[in-house]
1. Just one of Leu206, Leu147, Leu213, Leu202 is in a loop (DSSP other than H, G, I, E, B), touching a helix residue (DSSP H, G or I) at 6+ places or on another chain (Cβ under 9 Å), closer than 28 Å to Leu18 by Cα and not β-branched (Val, Ile, Thr); which is it?
2. Quick check on Val34: is it at pLDDT 95 or above, surrounded by fewer than 23 Cβ atoms within 10 Å (Cβ to Cβ), more than 27 Å from His118 (Cα to Cα) and touching a Pro at 6+ places or on another chain (Cβ under 9 Å)?
3. Consider the stretch 110-129. How many of its residues are touching a His at 6+ places or on another chain (Cβ under 9 Å) and either in a strand (DSSP E or B) or more than 26 Å from Gly57 (Cα to Cα) (or both)?
4. Just to be sure before I move on: is Leu53 surrounded by 18 or more Cβ atoms within 10 Å (Cβ to Cβ) and modelled with pLDDT of 95 or more in the structure I sent?
5. Scan the stretch 116-138 residue by residue and report those that are at pLDDT 95 or above and in contact with a Gly (Cβ under 8 Å, 6 or more places away or on another chain).
6. For the stretch 158-180, give me each residue that is under 29 Å from Val20 (Cα atoms) and surrounded by fewer than 16 Cβ atoms within 10 Å (Cβ to Cβ).
Amino acid sequence: MSEAPAADTGQAAVDGLLEVLDLEQLELSMFRGVSPKVGPQRVFGGQVASQALVAAGRTVDPDRQVHSLHGYFVRPGDPATPIVYTVENIRDGRSFSVRRTVAVQHGKPIFFMSASFHHAEQGLEHAAETPDDVPPPEGLPTMSDRLARYPERLGIWAEIPRPIDVRYVGEPGWVRSGDRPPEPRQRVWMRIDGVLPDHPVLHACLLAYASDLTLLDSVLSVHGAVWGPGGFIGASLDHALWFHRPFRVDEWFLYDCWSPTASGGRGLATGRLLDASGRHIATAVQEGLLREVRGS
């Protein structure tokens, strides 16, 4: 029996992700995007959010950078079908531009997002203290190292490209049930595993993509719970992201996440993103649906 093809990593995977984000323009404010050829049964939420931000960004003066986005996932996306993104110009003011993007498949919206863009100004400057007890990424296990410990968890994930180098400080949410101790926070180092052009909106779009990868894990982390057999299944319901300072996603950043509350089958997670020098570059908040896996 032949082995399954190995997942693309490094620059090859990064170039593949950049192709996914390079939307086709259909009309002045209408764009079309596709999903990777190999992927999960549903479109990854970070993909549709980042594509929606690409579409919005193409309608805004390049001197204005995105400072916030708020999105709702309303239907699962079909990876075999292109997604059409329609951008509505809500306002272009002297300092701010606001856009609303709706992602549509099969005639129905699957995601909608508001994004605001700002021409940077001088003002007050402060940030919360940064954690000083986090080991550097270079000494942490790679994703390949961790996946090798759990071959039964791989499935389609063995073939999905990995354009982002993800290094967990603690245990990931997809380990076996019982292998994850309860922890109040989940901390993950990330970086795009290749070289990117100097395009601030592109870096923002890729940060939006990355911010959806591990955030809900922090809800499970509080309980030492895991995804899949012996644990939970889940889905993103909404996602908000604020960009505070310039950054590059092809350099290491720390995703410091925690969950302030969970109830009614939903969990709230928040995370701050810090560059390697400790600068607070962005903040994310997400609510997700989490349901216990029943039966075998």
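The values are calculated or read from the model by the stated rules, or taken from the named source; none is laboratory data. The model shown is predicted, which means the values in this text are computed figures rather than measured ones. Heads up, the Cβs are rebuilt from the backbone with ideal geometry, glycines too, and the neighbour counts pull from every protein chain shown.
1. Step by step, each of Leu206, Leu147, Leu213, Leu202 is checked, and only Leu213 is in a loop (DSSP other than H, G, I, E, B), touching a helix residue (DSSP H, G or I) at 6+ places or on another chain (Cβ under 9 Å), closer than 28 Å to Leu18 by Cα and not β-branched (Val, Ile, Thr).
2. Yes, satisfied.
3. 8
4. Yes: the conditions hold for Leu53.
5. Phe117
6. Within the stretch 158-180, Ala158, Glu159 meet the criteria.
Every residue, every condition in (1) of a type in the set (S, T, N, Q); (2) at pLDDT 95 or above; (3) touching a strand residue (DSSP E or B) at 6+ places or on another chain (Cβ under 6 Å); (4) buried (at least 20 other Cβ atoms within 10 Å of the Cβ), yes or no:
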residue	(1), (2), (3), (4)
Gly234	no, no, yes, no
Leu237	no, yes, yes, no
Asp250	no, yes, yes, no
Phe253	no, yes, yes, yes
Ala262	no, yes, no, no
Gly267	no, yes, yes, yes
Leu289	no, yes, yes, no
